[in-house]
């Protein structure tokens, strides 16, 4: 039985939303499409699972409109594991987000992997008790999402490819832009905010603190233990792995290896050991071979 | 202890950085530790917030429970917040069947006792051990202490009046050199809980 807290206690605050993301740091969040995969992820030491109907590699292969998962499927995963469960809503689809919140999901990913529902606006995330994570390719995009209420940011990378190059580019871009703001004079920040199309107050906060006001994970194309460890060394707070695990030859072993490599991201001996005999990685697609209009990272505004 | 103590923060996963900042701001040396070797030069250990089942799985895989329990038996002060409270409890309910803990607190910790993330909350708590000013506490998918043994001191409870429950809910405890809170002082700017733990480390 759970305790119901009321009276002078407050739920859904900025601090408990951002704090939840703090607790996920150093961990691996894995895409799963059914309860069996969710159990494999949990047993491997995943910090959370992302419930979705098709992993990005299949969304890419099958095409069509991609939407929120069936509530039965999300509920099945919530019932199967005791770690936090996340689920994806389409960009701008606030009713999908309301439905996911009502299911008791712990975090919503307003995700470019699904087909956008609104090509102008993202969801007003302040209107929810459940926290949101959003993708970003650069600092301006990250701060626009935070301004809309996102409590966690992840690099977009290029989902469903197994090609880590875009995740690298997005992490490097965000970090470089943070460093640039930190080196600026106070009176230069007005124009900087205009240039990156981000709210001035958030630009000032980033310039002062030298980091985002929320946790920054990496996502999009991470397929191997070395990929995960590289992103951690580049300053990611944690790792999302989408298609990389359950599209590989031996998901349980690869899931375990990526978790260990993320924990010991500075220890090449450990990364080497867990990388041995993992079998086939997901086949993958070079991002350069995907026409720009078909790149998921281009979604978001 | 006359020299400045060095306190390790167990860095399997979780909000390690926030504890290191809180400890450093409180005037001690703070380091992230995640191997048996790195445990050697510390005077106290903080087990951070995070996901207790993940910490348990990874502590088993990395053979960390044996050295951690040995350190505790030798009297090393330990403090755990949230998932750390679970890691320092002798018994856990609503966790994994194979979940292990370091132990040290003769309590039953009930995992996710307040519900899922949408039920996470903030509240002002009276904690006499750190003074008269209430502590603003953040509970995130938090555990509570469902029962305590005879040697466990209760440091704080959520009064029944603040909940729909019939009894107070224990959320901070101490037994000898081991203390734990259901909530997360490390993600606030109030250092009094960390200072209380540092006093235990200095006295040991």
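Laboratory data are not the source of any read-out in this text; all were calculated from the coordinates shown. Keep in mind it's a predicted model, so treat the numbers as computed, not measured. Quick reminder, even Gly has a Cβ in these numbers, built from the backbone with ideal geometry, and neighbours come from all protein chains shown.
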- Quick one: Cα centre-to-centre distance for the range B:165-189 and the range A:92-113, in angstrom? 32 Å
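How large is the direction-averaged shadow of the alpha-carbon convex hull of chain B, in nm²?
10.7 nm²
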- Using only the alpha-carbon atoms of the protein assembly as shown, report the extent along each of the three principal axes, biggest first, to the nearest angstrom. 66, 53, 46
- Query: Based on the Cβ-Cβ distance of residue A:186 and residue B:97, what FRET efficiency does E = 1/(1 + (r/R0)^6) give at R0 = 56 Å, to the nearest 0.05?
  - Reply: 0.50
- For residue A:289 paired with residue A:209, estimate the spin-label separation in nm (one decimal), with each label point 7 Å from Cα along the Cα-to-Cβ line. 4.2 nm
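What is the extension gain from residue B:63 to residue B:153, computed as 0.36 nm multiplied by their sequence separation minus the C-alpha to C-alpha distance, in nm to one decimal? Walk me through the numbers before you get to the answer.
On the way: separation 90, 0.36 × 90 = 32.40 nm, distance 3.06 nm.
Difference between extended and current length: 29.3 nm.
Plugging the Kirkwood radius over Cα pairs into Stokes-Einstein for chain A, at a temperature of 4 °C and a viscosity of 1.567 mPa s, what D comes out in µm²/s? All intermediate terms of the calculation are to be shown ahead of the outcome.
Working: Rh = 19.3 Å.
Estimated via Stokes-Einstein, D reaches 67 µm²/s.
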- Any chance you could list the semi-axes, whole Å, largest first, of the equivalent ellipsoid that the Cα gyration tensor gives for the range A:110-238, using √(5λ)? 24, 19, 12
- Query: Mind checking the log10 I(q)/I(0) for the range A:53-121 at q = 0.18, 0.24, 0.29 Å⁻¹? Debye, one equal scatterer per Cα, no solvent, two decimals.
  - Reply: -0.67, -1.08, -1.33
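Hey, with R₀ at 22 Å, roughly what FRET efficiency would residue A:200 and residue A:14 work out to, going by the Cβ-Cβ distance, to 0.05? Don't jump to the answer; show the numbers that get you there.
Values: r = 19 Å, r/R0 = 0.86.
Rounded to the nearest 0.05, the efficiency is 0.70.
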- Note on the structure: Per-residue ellipticity at 222 nm attributable to helices in the protein assembly as shown (runs of n ≥ 4 DSSP H, -39500 (n - 2.57) apiece, nearest 500 deg cm²/dmol) works out to -10000 deg cm²/dmol
- the range A:203-249 - Rg and Dmax from Cα coordinates, angstrom: 13.6, 47
- Task: Please find, in a Gaussian network model of chain A (springs between Cα atoms separated by less than 10 Å), the residue of A:53, A:195, A:141 whose mean-square fluctuation is greatest.
- Result: A:195
- Message: Let's test this: bin the Cα-Cα distances of the range A:39-178 at 10 Å from zero up to the farthest pair and state each bin's percent.
- Response: 12, 40, 39, 9, 0
- Item | Whole-angstrom gap from the range A:42-73 to the range A:132-165, using each part's C-alpha centre | 18 Å
- Message: If I take R0 = 45 Å and measure r between the Cβ atoms of residue A:70 and residue A:268 in this structure, what FRET efficiency does the formula 1/(1 + (r/R0)^6) give, to the nearest 0.05?
- Response: 0.60
- Query: For the range B:45-132, what is the convex hull volume of its Cα atoms per residue in Å³?
  - Reply: 112 Å³
- Task: At 7 Å along the Cα-to-beta-carbon direction for both residue A:121 and residue A:99, put a label point, then send me their distance in nm to one decimal.
- Result: 2.0 nm
- Query: Rg (Å, one decimal) plus Dmax (Å, integer) for the alpha carbons of the range B:1-74?
  - Reply: 12.2, 37
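So how much slack lies between residue B:41 and residue B:168, counting 0.36 nm per residue of separation and subtracting their Cα-Cα distance, in nm? Intermediate values should be presented prior to the final figure.
Details: separation 127, 0.36 × 127 = 45.72 nm, distance 3.93 nm.
So the extension gain works out to 41.8 nm.
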- Item | Cα centroid separation - the range B:80-103 against the range B:1-57, whole Å | 17 Å
- Message: I want to verify a result. In a Gaussian network model of chain B, Cα cutoff 10 Å, which of these has the top mean-square fluctuation: B:171, B:145, B:154?
- Response: B:154
- Query: Roughly what would the spin-label model give for residue A:39 and residue B:29, points 7 Å off Cα along C-beta, in nm?
  - Reply: 4.8 nm
- Of A:121, A:170, A:93, the most mobile residue in a GNM of chain A (C-alpha springs, cutoff 10 Å) is A:121
